[in-house]
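The values are calculated or read from the model by the stated rules, or taken from the named source; none is laboratory data. Values in this document were obtained by computation on a predicted structure and should not be read as measured data. Cβ: placed from backbone, ideal geometry, glycine included. Neighbour counts: every protein chain shown.
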Amino acid sequence: MIKSNVGVNMAFVVDSDTYMTLVEANEIVEEELLSDSSEAVVWGKLSSKDKEILIKKATKLVDKVIFLGTRAGGLMEWPRYINNKLTQCPTDVKIAIILQALRPLVENNEENKMQELGIKSYSVEGSSVSFSDKYKVKTRGVYTDIFQAYLEKITF
């Protein structure tokens with residue numbers, strides 16, 4: 001008999017749809033973000049369920065990045081074998097996931113919205129701005145600054 005998941009509360013499961021528990025995510029925010037940063041303030045206002053939803057979505061996106069090494073199996077990109085050594089999901093990946101999840105909630109940046117829409121450049125009253133495609137393929141949709149700060153060193 002096939003069971004439907006429609007209307008069922010899907011679990012938040014480490015190594016299935018996330019790399020961290022909600023407790024660990026809260027600890028990372030507390031330890032890695034300034035308490036008065038817009039990300040930490042927004043995080044503190046979210047319900048546990050909202051945090052889980054955001055982490056799941058950001059994890060799916062970050063999991064599209066091409067990391068060094070090879071997958072060790074399982075449903076997700078981590079753990080991985082890097083230089084023949086089994087490596088668990090690094091804290092930097094978890095930080096990137098949290099920041100990726102929070103970015104749309106804390107930043108109403110028109111330039112980010114334009115880039116997401118595929119706009120390459122724009123001009124206003126004699127000034128022009130061009131967006132670089134340098135990281136577009138590598139980042140796989142992860143915000144470039146987050147990719148550069150937390151993920152680039154463990155990718156191809």
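Among the residues of the range 22-74, those that are under 19 Å from Leu151 (Cα atoms), small (Gly, Ala, Ser) and part of a helix (DSSP H, G or I) comprise Ala25, Ala58.
Output the residue which, of all residues in the range 125-156 that are modelled with pLDDT of 80 or more and hydroxyl-bearing (Ser, Thr, Tyr), is farthest from Val62 (Cα to Cα). Filtering the range 125-156 for residues that are modelled with pLDDT of 80 or more and hydroxyl-bearing (Ser, Thr, Tyr), the one farthest from Val62 (Cα to Cα) comes out as Ser127. Does the range 20-29 contain at least one residue that is surrounded by 13 or more Cβ atoms within 10 Å (Cβ to Cβ), hydroxyl-bearing (Ser, Thr, Tyr) and at pLDDT below 95? No.
Can you tell me which residue is farthest from Ile154 (Cα to Cα) among those in the range 50-90 that are acidic (Asp, Glu) and free of Cβ contacts under 8 Å to residues at least 24 places away in the same chain?
Step one: list which residues in the range 50-90 are acidic (Asp, Glu), which gives 50, 52, 63, 77.
With free of Cβ contacts under 8 Å to residues at least 24 places away in the same chain added as a condition, the list becomes 50, 63, 77.
Working: Asp50: 29, Asp63: 13, Glu77: 12 Å.
Taking the candidates together, the pick is Asp50.
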